[in-house]
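Beneath this line is the structure, given in structure tokens, with notes to follow.
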Amino acid sequence: MSDQSTVFTRLPETDDEREDPERATREEVLDFWTDRFGVPPETFEGYTFWERGAGKLWLYQGTPPSPVDIEGLGMTVLRTRQEHWKPTLEAVQRFGEHASENVIRLDEDAARAFVAGEDQELDWDGDWGYLIVTHDLADEPEPVGVGLYVYGELRSQVPKGRRREV
Amino acid sequence: MEPLDRYRPIIDDFEAFIDACERPLPSAVRVNTIKATVERVRTALADADIAVEPVDWHDGLFVLPEDSPGANWPYFHGWIHGQEEVSVIPATVLDPQPGERVWDACAAPGSKTTQLAALMDDAGEVVATDNNLGRISALRTNTERLGVTTVAVTHEDGRNHSLKPFGGEGYDRALVDVPCSCEGTIRKNPDTLEDWTLSHVEGISGVQKGILKRAVEVTDPGGTVVYSTCTFAPEENEAVLDYVLEETDCEIVDYDLPLSHAPGITEWQDESFHPSVTNAKRIYPHHNDTGGFFCAKLEVPAE
Ligand SMILES: C[S@@+](CC[C@H](N)C(=O)[O-])C[C@H]1O[C@@H](n2cnc3c(N)ncnc32)[C@H](O)[C@@H]1O
């Protein structure tokens, strides 16, 4: 068996099936998306969730036998095993259109600064914490990534390798 | 261009062929229908002042005469992926359907993998294999940016592809887009022929045979395999097909290709190949003002 960190383990459905007490369950993941962003659980119907390494969750469509030792399984979706779970930019771009809460819409200049990785001061009446950031593209709002709102500031969470001057 | 001289006997209008090989090729992008529609991409590119030309045989492709795909909104959102016109062919020939299981034997950096997933409406399973970890990392970056949820990535030699991680299940279809001498990419990489040697061509041909053979083996009866290269060398094209016809149970079948092309050849130097290799298609740069390409469709007989 190679390095454990390359192994994907399927999430248990609920607490009853959980062997590793630190591992998230599918139920908790769906609750997270609903509670934080108002994304309905049906959004993830037909997908399976997998953990690789400590805390990084992936979402996939197939059902290979768990655990499976390969290089990739669908896309990364959520970072767990920390106080505040953090969605990935990719998950937000793919599923963020279903969100109704903790979504912040930026104008063109602010959106540019956000994808360049800049933090910016702006007003936000809602909760602090991770927000889904959107801007208008081709005449409709489109989720672009994850921001962390604290102390009157939206901190860009765009990973270094994804930052762009658009 | 010197290595190309040996193709004088098999290419019609050889001078036009060489002229085309010397012209640079503009960038092209494919619309990622997993995340956007062709219409929205067209609007977003226009809003970003990026000039595009349509491609007549494929409405999800745009040529960018003046730009390269990288730093713009549609790219950041994973709505588009830089992919040349001819590179789009094999996945359309394979024609995978939603819900199927597909093997992409030489997948990195994933242009065709992500196109396969999009053709399947991102429903089903695409197992993407490569033997190069650095290139696998580029593949992973592309599947993430394009929001693909159906791709599983394995690091192995395609010749020994293992079905174990997936419980031993075979595939409905396989794409075999092998490593090759890349002669057909000369318009994008003008120095691609600098290191050309016949012994490299012959060596890589052995790898190609091994991977295509494995693909036929792991494809279920009634399934389809597509073999493609971006080279003109018959050693890497018809000779590889001829080998798998001998070694495995499969057929090379005809298909429609909405681009000008020449048939596969049955004679090369002192070798001759099975007549059905004429069902494979050779695409030369002067035919459609594209890169060069080779693509064959194989069927595994139903039981
Ligand atoms: C022509 S490229 C594939 C391009 C890819 N299909 C795409 O559309 O983006 C060939 C790939 O084959 C890989 N390769 C070379 N030898 C291999 C082998 N024995 N098994 C699997 N992959 C191999 C190379 O690392 C390279 O990424």
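The values are calculated or read from the model by the stated rules, or taken from the named source; none is laboratory data. Note that the structure is predicted; figures quoted are calculated from it, not measured. Reconstructed Cβ throughout: ideal geometry from the backbone, glycine too, with neighbour counts over all protein chains shown.
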Any hit, segment B:30-49, residues being assigned to a strand (DSSP E or B) and either facing another protein chain (nearest Cβ under 9 Å) or more than 14 Å from B:ASP289 (Cβ to Cβ) (or both): yes
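Yes/no per residue for (1) at pLDDT below 95; (2) within 14 Å of chain A (Cβ to nearest Cβ):
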position	(1), (2)
B:THR141	no, yes
B:LYS164	no, yes
B:CYS182	no, no
B:THR185	no, no
B:ASN189	yes, no
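Going residue by residue through segment B:124-134, is there one that turns out to be out of contact with any Leu (no Cβ under 7 Å at 6 or more places or on another chain), at negative phi and among the aliphatic types (A, V, I, L, M)?
Taking every residue of segment B:124-134 in turn, at least one turns out to be out of contact with any Leu (no Cβ under 7 Å at 6 or more places or on another chain), at negative phi and among the aliphatic types (A, V, I, L, M).
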All positions within segment B:61-115 that are over 29 Å from B:ARG214 (Cβ atoms), within 14 Å of another protein chain (Cβ to nearest Cβ) and either away from the ligand (no atom under 16 Å from the Cβ) or surrounded by 24 or more Cβ atoms within 10 Å (Cβ to Cβ) (or both): B:ASP67, B:SER68, B:GLY70, B:ALA71, B:ASN72, B:TRP73, B:PRO74, B:TYR75, B:PHE76, B:HIS77, B:TRP79, B:ILE80
Which numbered condition B:GLY223 fails, given (1) modelled with pLDDT of 95 or more; (2) surrounded by fewer than 19 Cβ atoms within 10 Å (Cβ to Cβ): (2)
Total residues in segment B:160-181, condition part of a loop (DSSP other than H, G, I, E, B), in contact with a strand residue (DSSP E or B) (Cβ under 8 Å, 6 or more places away or on another chain) and surrounded by fewer than 23 Cβ atoms within 10 Å (Cβ to Cβ): 4
Residue ID - nearest to B:PRO74 (Cα to Cα), chosen from residues in segment B:132-148 that are more than 9 Å from the ligand (Cβ to nearest atom) and small (Gly, Ala, Ser): B:GLY147
Segment B:182-220, residues that are of a type in the set (Ser, Thr, Tyr) and crowded, with 20+ Cβ neighbours inside 10 Å: B:THR185, B:SER205, B:THR219
Unmet criterion (only one of (1) away from every other protein chain (no Cβ under 13 Å); (2) exposed (fewer than 14 other Cβ atoms within 10 Å of the Cβ); (3) under 28 Å from B:THR154 (Cβ atoms)) for A:LYS160: (1)
Cβ-Cβ under 7 Å pairs, at least 6 apart or on other chains, segment A:58-71 side more than 7 Å from chain B (Cβ to nearest Cβ), far side in a loop (DSSP other than H, G, I, E, B) and modelled with pLDDT of 95 or more: A:TRP58/A:GLY74
